[in-house]
Each structure stands twice: as C-alpha cells, then as structure tokens.
2 protein chains.
Amino acid sequence: MGASQLDPFFNPKAVAVIGATDNPTKLGYIIYRGLIRSGYQGQVIPVNIKEPIIHGVKAKRTVLETSENVDLAIVVIPAKYVIKTMYEIAEKGIKNVVIVSGGFKELGGEGEAIEQRLRDIIKRHNIRVIGPNCIGVFDAKTRVESFFQSPERMLRPKPGSIAFLTQSGTYGCSFLEQIAESPLGISKFVSYGNRVDVDEAELIEYFAEDPQTKIIALYVEGLDNGSRFLRAAKRITAKKPIIVLKAGRTEQGSLAAKSHTGWLGGTYQIYQAAFRQARIHVAETFTDLFDKTKALAMQPVAKGPNVGMVSNGMGPMVMAIDNMVKLGLSLARLSSESMLLLSNVLSKYHGLKNPVDITGSATANDYRIALEILIDDPNVDIVIPFFVFQDTPLEESIVDELAHLNTKGKPILGSAYGGPYTRKMSNKVESVGIPMFPLPSRAVSAAYALYYQGKVMQG
Amino acid sequence: MGASQLDPFFNPKAVAVIGATDNPTKLGYIIYRGLIRSGYQGQVIPVNIKEPIIHGVKAKRTVLETSENVDLAIVVIPAKYVIKTMYEIAEKGIKNVVIVSGGFKELGGEGEAIEQRLRDIIKRHNIRVIGPNCIGVFDAKTRVESFFQSPERMLRPKPGSIAFLTQSGTYGCSFLEQIAESPLGISKFVSYGNRVDVDEAELIEYFAEDPQTKIIALYVEGLDNGSRFLRAAKRITAKKPIIVLKAGRTEQGSLAAKSHTGWLGGTYQIYQAAFRQARIHVAETFTDLFDKTKALAMQPVAKGPNVGMVSNGMGPMVMAIDNMVKLGLSLARLSSESMLLLSNVLSKYHGLKNPVDITGSATANDYRIALEILIDDPNVDIVIPFFVFQDTPLEESIVDELAHLNTKGKPILGSAYGGPYTRKMSNKVESVGIPMFPLPSRAVSAAYALYYQGKVMQG
C-alpha cells in the first residue's frame with residue numbers, strides 16, 4: 001500500500017487536540033483523556049486558547065505553537081471558531097483534520113455558511129477533513145481515536161479485519177461495542193457525519209488497499225459521490241465484501257437524515273438496485289448489518305443455496321425456513337445415503353430428515369453425528385445447527401465436538417436463544433470459530449450473505 | 001373465576017411424576033428434580049415401575065399406588081408405554097395430565113396410531129391433556145412446573161401479568177428467560193406441542209377469566225379450532241390484549257411445522273386477516289412478539305399515532321422514522337408553543353424540531369426539559385427518547401429524571417444500544433418503569449402495539 005493522503009488519520013506521528021480542556025463536562029476533555037490513555041504511541045498535544053495547563057501538561061494556545069511533527073489535528077471547539085482554527089492549521093501545514101464539532105450544514109442558515117467557508121479553505125490548502133459533526137476515527141492497531149465516549153462507557157474492539165464507515169456516530173458506537181463483545185476485531189473505523197471532504201468512495205478505495213481490512217461495512221444515509229462509490233465498489237467486492245445499511249428509505253426518514261447530517265437520501269429502490277449491480281450486500285436492519293458482517297468474517301463463502309439444519313428444538317426452524325424461502329435459499333434435499341445413515345446411526349430418533357430433529361433428548365454426540373452427515377452430504381452447501389442449551393441432556397462437551405468438527409470448507413452458522421447459561425455456551429461456541437445468532441432466522445439471513453458472496457466471487 | 005377443569009394444571013394439590021428417575025441423563029430426572037425444588041408447595045410423588053427409590057424417596061410402581069389427592073400427572077416415559085399408563089390414570093381418577101414425551105403424531109405411522117388411541121382414552125374418561133411432545137406448564141405463583149430444563153440452565157420468571165402459550169417448547173424457553181431478565185413477570189405458561197386435547201381457544205378463554213393475567217401472548221404454527229379461537233379472541237381483546245406470532249408462513253415452513261408438532265398451517269394471509277378481525281396484535285418476528293408484549297405490559301395505550309422523539313444521537317432516528325411510516329405511525333408535528341419553548345429553554349441547541357436533536361453534548365437536564373415539552377404537546381401521543389449512554393456528557397442522574405417524570409398518561413418507550421455500560425443504564429431505566437429497546441425502530445414497532453390497542457379499546 002503506497003503512501004496515501006489518508007494515512008495520517010490512522011497512523012499519525014503526533015496529534016494536536018484543539019479544544020482539549022480540564023473541564024470534565026466538555027467533549028474536549030473526554031477526547032483528550034481518551035487519546036492519551038488509548039495506547040496510542042505518538043505524541044498528543046493539548047491546544048486551548050484559555051487553559052495553560054491540561055491534565056498536568058502545558059497546553060499550546062494555538063496549533064501554531066505545536067511541534068513540527070504534528071500531522072493530525074482533532075478539532076472539538078464551537079463551530080463559530082472553527083474557521084479561524086482552520087487558517088492556523090493551514091498555516092502550520094497540517095494536512096489531516098478530524099472535526100468532531102457539530103453546528104454546521106445540519107442546522108442550515110449560519111451553520112451552512114460556515115460549512116461552505118470550511119469547504120473553501122480545505123480546498124485551497126489541500127487539507128483532508130473527516131467530519132464535521134462526527135465521532136471521527138479509530139484504528140484498533142495504532143489505537144488512535146477521537147471518541148467523546150469514555151472507555152468506561154464504551155468498549156473498544158481489538159484489532160481485526162473489519163473496516164466500518166458510518167455517517168452516524170451513534171451507530172458507530174453500537175457497532176464497535178458489538179464487535180468488542182464478539183470474537184471479531186476492527187481494522188479501521190470512520191464516522192464522517194456531514195462529510196465535508198473525505199467520503200465513502202475514497203474510504204472504500206483506501207480500505208481496498210489496506211492489508212488489515214478484509215471486509216467493509218457501511219451505514220449511509222445518502223451518498224455524496226454515488227457513481228464513484230459504485231464504480232469503486234464494483235472493483236472491490238470480488239476481493240473484499242462490502243455490506244451496506246441504507247437509512248432514509250422513506251420521505252420522512254430522508255428529511256430527518258437531512259437535518260441530521262445535511263444530506264438528503266435518494267429513492268431507496270434506486271439505491272438498492274445500484275448496490276446489487278455493484279455486488280454490494282444490502283442489509284435490512286442494523287442487526288442484519290452486524291450479522292452479515294460476522295458471518296463473512298468468520299466463515300467461508302457458500303457454494304450453493306442449500307441449507308442443512310439440525311436441532312434439539314424445532315419451533316424456531318419453522319420461521320427459519322420461512323425466511324429461507326423469502327430470501328431464495330433452500331432447505332436441502334438430503335441424499336439417500338445421508339437419509340440411510342441418519343436412520344441407522346441415529347436410530348433412537350424416528351423419521352429423520354432435514355431439518356434433523358434430534359429432540360430434547362439429544363446429546364453432544366448426536367449433534368456431532370448429525371453435523372458430520374450434513375457436512376458430507378453433497379446436497380448441502382450451508383450447515384445451520386440450533387441448540388436449545390437449556391435442554392439438560394445436552395452436555396457441555398458439545399463445544400469440544402464443534403471445535404474438532406471438520407467442516408470441509410462448508411460454512412457453519414449456529415444459533416441459540418436464552419439467558420445467562422445460553423449466552424455462556426454461545427460465547428464458547430463462538431470462541432471455537434462458529435458464529436452464533438440468537439434466532440435461526442437471523443442465522444439464515446447471515447448465511448444468505450455467504451451465498452451471495454460466493455456468487456460474487458464466481459463472477 | 002369459577003372452578004375450571006383446567007385449574008389443576010396450574011394449582012394442583014399433588015403431582016405424580018410418571019417417569020421420575022435417578023438417572024441424570026433422562027428427562028424424567030430433570031423434571032422431578034426441578035419440581036421438588038421449584039418452590040411448589042404441594043406433594044410431589046415419583047412414579048417408576050423399575051426404580052424403588054428416587055432422590056431418596058420411596059417411589060410408586062404405578063400411579064395406582066399414589067395417594068388419593070393426586071390431581072395432576074406429568075408423564076415422561078417412552079410413547080409406547082403411554083397408553084397403558086393412561087389407563088391407570090383413568091382408573092385412578094386423575095383428570096389432568098401433562099404428557100411431555102414425544103414420539104406421537106409428529107412421527108407419522110406408529111406414532112400417529114398411538115396418538116389416536118390417546119385421543120380415544122381421554123375422550124372416554126373425560127381426562128384433560130396438555131401435550132404430548134411439549135415442555136408443559138409453569139405457574140409463576142404456585143411454582144408448579146414440568147420443565148426438563150434445569151434451573152441452572154434456564155431462568156424462571158417471577159409472578160406477573162403475562163400468559164404465554166406456545167406450540168414450541170423452544171420458543172417457550174427463550175420467552176421465559178427474556179421475561180426473567182426484564183422487569184416483567186409471568187402469570188401462566190403452557191407449551192402444548194401436539195395439542196391432542198387442550199387447545200389455544202380453551203386456554204385464552206381460561207386466561208380471560210384469570211385475575212393474574214392481563215396480557216396473552218402466543219406462538220402458533222397452526223390453529224386447531226380456528227373459529228372458536230377467533231370468536232373467543234374477539235370477546236377478550238378489548239379487555240386483555242392478545243399478541244400472536246404465527247410461523248409456517250411459507251409452504252416449506254408449514255411442512256416443517258407438520259413434522260414438528262403434526263399440524264399443517266394454513267395460508268398466512270388468511271390467518272393475518274382473521275387475526276386483525278379479532279383485533280389481535282400480529283407480531284412479525286419472535287423479537288417483535290416480546291417487544292410488543294413488553295410495551296403493552298409496561299405502558300398505557302396511545303390515544304393517537306403521533307410520535308415525539310428526542311435523542312443525543314440522530315442516526316438511529318432515521319431508520320425509526322422509516323419504520324414509523326411503514327407501520328402507519330407519524331412523526332408528530334409539534335405545536336408552535338412547543339417549538340417556541342424548545343428554542344427558548346434549550347437555546348444552546350439550534351433549529352430544534354421533532355426529533356429533538358440535543359446532540360452529543362446533551363445532559364440529563366436537557367432530556368428532562370425536552371421530554372416535558374413533548375409530553376405537554378397536544379400533538380404528541382407517544383414519546384420515544386433514545387439515549388447514547390456512551391456519550392459521556394450525559395450524567396447517570398438521567399435515571400432520576402426519568403423516575404420523576406410525569407408522563408400524564410402518555411406512553412413512553414426508550415431505546416439505547418451498546419455494551420455493558422449501556423445495558424446497565426438501560427436496566428436502571430426499565431426499573432423505573434420505562435421499557436427499553438436496543439433500537440428505536442424496535443421501540444417504534446412496540447409503540448405501534450400501544451396505538452393498535454388504543455384503537456381496539458375505543459371499539
């Protein structure tokens with residue numbers, strides 16, 4: 001990956017926090033405190049025109065007084081002071097700026113005018129800006145961050161393969177915490193809010209070249225440079241899956257998006273068709289965005305649409321099959337060899353077919369046998385076991401059985417729903433590499449992403 | 001509530017567990033052990049033809065040897081022995097039986113023949129049966145239960161106002177644990193599996209008269225006596241809301257349901273229309289079933305469809321509004337008085353309208369002010385605040401502000417999504433009576449239930 005203008009956002013030599021403060025009620029306090037404690041190894045310089053000492057360190061009055069190696073500025077001051085500060089940043093020669101502050105285009109009127117002046121300055125001085133009105137950046141490896149969510153209140157994920165781009169900082173927080181509570185990790189994170197400069201198109205191009213990033217997930221309200229984004233996506237999706245959640249699908253929703261980040265969404269149907277053409281995964285909900293990302297990060301793609309299921313409780317299978325039919329996946333028709341094996345090796349159960357109903361009496365060994373039969377069946381492309389961990393005959397050794405299962409390149413997605421014991425067991429299963437979903441219908445939607453990506457990769 | 005044939009299922013004087021055993025790998029072990037430790041105050045008698053001592057207690061060889069006051073039998077023995085046992089139950093004069101065992105109609109062939117003989121016996125002897133192929137009953141007050149899910153693996157909820165009926169035992173487990181981890185409680189629970197006798201129609205009629213039950217939630221694959229159920233529902237729904245999740249919506253799903261509990265579903269569209277006619281709430285997913293139940297249990301009904309929202313993070317509002325439009329709710333147009341108040345009292349924010357965007361700088365006091373304005377606005381029928389608890393300026397005193405909020409009879413539903421800190425805060429908010437949902441679009445679906453029930457009650 002050659003040097004890019006965007007590099008300092010994720011791997012800066014030194015960061016100036018403009019608006020750092022000792023006043024704990026201000027965002028600048030949390031951002032500065034967060035960054036000096038995040039594990040980031042570079043220098044962090046507090047800048048505040050009024051406070052000479054911040055966190056016991058001598059602060060700079062303006063960015064002009066900071067050391068020469070500062071290559072990233074995080075700006076968290078009222079919008080009305082941002083223009084003056086940008087002139088100083090330009091004079092200093094800093095080329096990368098995260099503007100966290102709100103109060104721009106999203107408010108209309110005066111705010112919109114300030115944003116226009118901001119655009120002019122950054123264009124004239126060739127400065128690259130993320131924001132304004134955002135929570136900014138996070139690199140899980142260099143630990144640079146611009147969050148005004150303290151680590152006591154928001155978990156930071158470990159390094160991993162997922163890049164997440166989001167217009168909404170709020171969804172950003174939720175996504176990062178979900179990742180942090182899963183076996184997954186983040187490569188790079190960008191919340192870009194009003195998107196005055198750096199946009200989705202440029203970011204996905206950047207992540208396409210980023211060796212850490214294997215999967216790109218996005219939440220968007222409206223696209224700035226839709227055609228460049230789609231062209232870029234089309235080049236990327238066969239190598240790195242791109243999953244998009246698009247909000248503002250209705251007129252009222254779009255209007256709310258406009259007053260949120262200043263961008264009006266287009267017709268959802270048009271977006272959807274364009275996304276499909278660029279072979280982008282379209283998520284239905286925020287939950288679906290996470291589920292699809294998780295499946296793609298943890299499992300190989302599927303060679304076909306045929307699903308084999310096994311469970312010790314059949315109720316949730318019915319809705320899972322309903323969802324399968326809706327999405328265009330199929331309940332696999334098992335081979336006659338599999339049917340014979342099932343009735344011989346699991347002869348204590350009767351009338352076994354797909355889904356394989358091993359009833360509330362099922363043991364870990366029964367699961368292993370059934371899963372091996374499904375994996376070996378040439379008619380099965382995707383394997384989805386559901387576990388009623390509450391059913392007490394099922395031993396905890398199921399985790400070992402799953403850890404030692406040879407899945408022969410077929411994707412496997414598990415599912416279980418319950419209280420503390422079920423969550424403990426689900427976490428154990430995830431720790432041996434099988435993604436878990438609370439409901440099998442969600443596992444089915446996630447499995448669809450593996451089927452879709454399989455088709456994308458076949459061209 | 002006069003004496004009903006169904007009473008002994010929930011408040012038996014003494015219970016015989018036929019198939020109780022000291023073998024910990026058997027369902028009969030867990031059921032017997034569960035019932036003697038559940039807090040149930042009546043006598044529990046183990047019955048096993050082979051084991052003379054069970055859990056240190058002298059077991060009876062058959063139910064014929066049990067004491068006179070046994071008025072409920074729980075049967076957990078292989079299907080092929082059930083008929084003989086039913087003759088003994090009949091001879092003994094026991095009129096209420098939960099048959100947990102599977103191996104009947106759901107298997108076809110031999111199993112179907114046994115189920116037919118079962119039907120004949122219970123009809124001839126006027127015995128009432130729940131099951132077979134189910135997890136049976138639970139009364140949160142008397143603590144009678146027939147679960148083969150040990151308390152170490154499945155939480156039991158506290159007493160409360162929700163009755164849950166489910167064809168699937170698995171969904172039963174998930175629902176009970178969700179209730180147990182919420183501020184809600186259960187009145188009575190029935191998992192009826194193959195439904196050889198006692199059906200949904202009879203059960204909802206029973207719960208209509210049950211003083212503990214205020215809300216009835218159901219998961220069904222197919223209805224046995226659809227017209228009686230719908231007639232009963234029509235009488236009940238204006239007093240006690242009924243929420244139904246129907247699975248087997250596709251042909252493949254229906255077929256899976258048939259081999260699960262032996263019942264074939266009908267066309268989903270027909271069901272949906274019939275449910276609406278009986279003024280039943282139709283849940284989209286299992287999650288939606290729980291969310292609607294929670295909203296109805298914790299909040300008053302809504303007088304109209306107009307939603308007022310406030311948040312310190314706006315992204316999730318966009319999808320919430322999309323969902324609102326889809327469901328037929330509206331984003332309230334605030335009164336000019338409210339608009340004036342917002343701009344005066346929350347003057348540090350600009351351009352406030354609905355949703356009220358108090359940004360990442362919002363404090364607990366800002367929330368209180370905004371919520372009071374929304375509550376007082378005659379154009380607002382439902383109030384939905386979203387909280388980015390991760391945003392550190394928001395003090396934990398928000399819980400006190402919410403606890404002391406006078407909602408003036410308007411429903412309020414909160415939302416927040418994140419990791420451990422957010423869950424802790426959400427639980428605190430729920431403990432002061434405001435139901436919380438991870439995503440505001442889920443809060444909107446739950447709010448729709450309050451609007452729908454409001455219309456039902458207006459007639």
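Each other copy holds its own label point for B:A273; taking that point as 7 Å from Cα along Cα to Cβ, the gaps run 3.2 nm, nearest first. For segment B:1-81, trypsin sites (Lys or Arg not before Pro) meeting the loop criterion (DSSP other than H, G, I, E, B) and having at most 10 other Cβ atoms within 10 Å: B:K50.
With label points set 7 Å from Cα along Cα→Cβ, the inter-copy distances at B:S4 are 6.5 nm, sorted shortest first. From most to least packed by mean Cβ count within 10 Å, the peptides A:328-337, A:233-242, B:242-251 give B:242-251, A:233-242, A:328-337.
In this structure, the residue pairs whose Cα-Cα separation is over 30 Å, taken from A:K326/B:K105; A:K58/A:K258; A:K292/B:K105; A:K348/B:K50, are A:K58/A:K258; A:K292/B:K105. Approximating the spin labels as points 7 Å out from Cα along Cα→Cβ, the A:K455-to-A:K50 distance works out to 5.9 nm.
Take A:E205: with every protein chain present and a 1.4 Å probe, its accessible area is about 50 Å². Farthest toward the positive end of the dipole of the protein assembly as shown, out of B:P52, A:V325, B:G409, is the Cα of A:V325, where the dipole comes from beta carbon charges about the Cα centre.
In segment B:198-248, Rg over Rh equals 0.93, where Rg is the alpha-carbon radius of gyration and Rh the Kirkwood radius from pairwise Cα distances. Spin-label model, B:A3/B:L340: points 7 Å from Cα along the beta carbon direction are separated by 6.8 nm.
List residues of segment A:80-98, by number, whose backbone nitrogen lies under 18 Å from a label position 7 Å along Cα→C-beta of A:E110. In segment A:80-98, the label zone of A:E110 (backbone N under 18 Å from the point 7 Å along Cα→Cβ) covers A:80-85. One Cα centroid belongs to segment B:371-437, the other to segment A:285-349; the line between them spans 39 Å. Taking every residue in A:248-254 and counting other chain Cβ atoms within 10 Å of its Cβ, the average works out to 6. Against chain A, whose longest principal axis is taken from its Cα atoms, helix A:286-298 shows a tilt of about 70°. Quick one: Debye curve from the C-alpha atoms of segment B:1-156, no solvent, what's log10 I(q)/I(0) at q = 0.11, 0.17 Å⁻¹? Taken in order of the listed q values, log10 I(q)/I(0) reads -0.38, -0.95. In this structure, B:K424 and A:K158 have a Cβ-Cβ separation that, at R0 = 22 Å, corresponds to a calculated FRET efficiency of about 0.50.
Semi-axes of the equivalent ellipsoid of segment B:357-425 are 21, 12, 11 Å, computed as sqrt(5λ) over the eigenvalues of the C-alpha gyration tensor in descending order. The orientation-averaged projected area of the convex hull spanned by the Cα atoms of the protein assembly as shown comes to 37.4 nm². With all pairs of separate Cα atoms included, segment B:142-190 yields a Kirkwood hydrodynamic radius of 10.9 Å. Under the convention that each Lys and Arg Cβ holds +1 and each Asp and Glu Cβ holds -1, the size of the dipole of segment B:188-307 around its Cα centre is about 520 debye. Summing Cβ point charges (Lys, Arg +1; Asp, Glu -1) relative to the Cα centre of chain B gives a dipole of roughly 960 debye. Quarter the surface of the alpha carbon convex hull of chain B and you get the mean projected area, 22.9 square nanometres. Rounded to the nearest whole angstrom, the semi-axes of the ellipsoid equivalent to segment A:166-305, taken from the Cα gyration tensor as √(5λ), stand at 22, 17, 15, largest first. A Cβ-based charge dipole, computed about the Cα centre of the protein assembly as shown with Lys and Arg at +1 and Asp and Glu at -1, lands at about 480 debye.
Axis of helix A:109-124 versus longest Cα principal axis of chain A: the two differ by about 90°, to the nearest ten degrees.
When N is the residue count of segment B:296-370, what does its C-alpha Rg come to as a fraction of 2.2 N^0.38 Å? Output field value: 1.17. Mean residue ellipticity, 222 nm, helices only, chain A: the sum of -39500 (n - 2.57) across DSSP H runs of n ≥ 4, divided by residue count and rounded to 500, is -12000 deg cm²/dmol. For peptide B:27-33, the mean count of partner chain Cβ atoms within 10 Å of a residue's Cβ comes to 2.
The ellipsoid that matches the Cα gyration tensor of segment B:381-420 has semi-axes, each √(5λ) in whole angstrom, of 21, 13, 7, with the longest given first.
Among B:V345, B:V383, the order of accessible area from largest down is B:V345, B:V383, computed with a 1.4 Å probe on protein heavy atoms.
All C-alpha pair distances within segment A:249-374, sorted into 5 Å bins from zero, spread as 2, 8, 13, 16, 16, 12, 9, 7, 6, 5, 4, 2, 0 percent across the bins. Net length available on complete extension from B:S397 to B:Q277 is 38.7 nm, with 0.36 nm assigned per residue and the Cα-Cα distance removed. May I ask for the angle, rounded to the nearest 10°, between helix B:268-277 and the longest principal axis of chain B, with both axes built from Cα atoms and the value confined to 0 to 90°? The helix B:268-277 is inclined about 70 degrees to chain B. Charge tally around A:T392: other residues with Cβ under 15 Å, Lys/Arg +1 each, Asp/Glu -1 each, net -2. Scalar couplings 3J(HN,Hα) for segment B:308-315, obtained by applying the Karplus form with A = 6.51, B = -1.76, C = 1.60 to θ = phi - 60°, are x, 10, 9, 7, 9, x, 9, x Hz; x denotes Gly and Pro. Just add up the charged neighbours of A:G169: K/R +1, D/E -1, any other residue whose Cβ is under 15 Å from the Cβ of A:G169. Once all neighbours under 15 Å are counted, the net charge is -3.
Summing charges over neighbours of B:I270, with a neighbour being any other residue whose Cβ is under 12 Å away from its Cβ, gives +3 when K and R count +1 and D and E count -1. When the inverse distances between all different Cα atoms of segment A:102-260 are averaged and flipped, the Kirkwood radius reads 16.3 angstrom.
The values are calculated or read from the model by the stated rules, or taken from the named source; none is laboratory data. Computed from a predicted model, the values in this text were never measured in an experiment. Because the Cβ atoms are built from the backbone with ideal geometry, glycine has one as well, and the counts that use them run over all protein chains shown. For accessibility, only protein heavy atoms count, side chains too; no ligands or nucleic acids. Shrake-Rupley method; radii C 1.70, N 1.55, O 1.52, S 1.80 Å.
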